Amino acid sequence: MRKALLTLLVLAPIGCKPATSTTPPAALVPGALNSFDQTSYTALMAAQASLNSLDTSYEENPTALASLKPILDQASTDYNIAELAWQTYHAAATTANQAAVTNALNNVQSDLSKATTIPGVN
């Protein structure tokens, strides 16, 4: 009995191996330096789409959405900074450039979040 228990205790860790995936990670899109570069670019495109949508809403009803204008202006400025930061990172992928992209994208996201608090903005 003791020998069987010892055998089970010794073999137990072998049976608890973590699952390994045979699926390779998704390939990067052509031109992307790495996953951060690709993800940052995707975030910029999403922010641009949001800005375009908000701008269209504002243009359709500037009186009712007057409080949206300063938020749009700030978001557009921050978007331009984020895009420049991403272009700088894309040209020279350094830790400092990566931090600049992350901070700039966070600023844009914060600006866009403020827009959703305005009544009438989807």
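Within region 70-81, the only residue that satisfies the criterion of being of a type in the set (D, E, K, R) and crowded, with 16+ Cβ neighbours inside 10 Å is Asp78. Of the residues that sit in region 82-91 and are surrounded by fewer than 17 Cβ atoms within 10 Å (Cβ to Cβ) and among the hydrophobic types (A, V, I, L, M, F, W, C), which one is nearest to Ala47 (Cα to Cα)? Per the stated criteria, the residue is Leu84. Reported count of residues in region 34-70, each being of a type in the set (A, V, I, L, M, F, W, C) and closer than 30 Å to Ala91 by Cα, is 8.
Listed here are the helices (runs of 4 or more DSSP H) enclosed by region 33-117 that have at least 2 residues being within 13 Å of the chain's Cα centre (by Cα), of a type in the set (A, V, I, L, M) and modelled with pLDDT of 95 or more: 35-60, 95-115. For region 59-79, a residue qualifies if it is more than 12 Å from Asp111 (Cα to Cα), out of contact with any Gly (no Cβ under 9 Å at 6 or more places or on another chain) and not polar (S, T, N, Q), and the qualifying residues are Glu59, Glu60, Pro62, Ala66. Close Cβ contacts (under 8 Å, 6 or more residues apart or on different chains) running from residues in region 92-109 that are surrounded by fewer than 16 Cβ atoms within 10 Å (Cβ to Cβ) to residues that are not in a helix (DSSP H, G or I) comprise Ala93/Leu33; Ala93/Asn34.
The values are calculated or read from the model by the stated rules, or taken from the named source; none is laboratory data. For clarity, every value in this text was computed on a predicted model and none was experimentally measured. Reconstructed Cβ throughout: ideal geometry from the backbone, glycine too, with neighbour counts over all protein chains shown.
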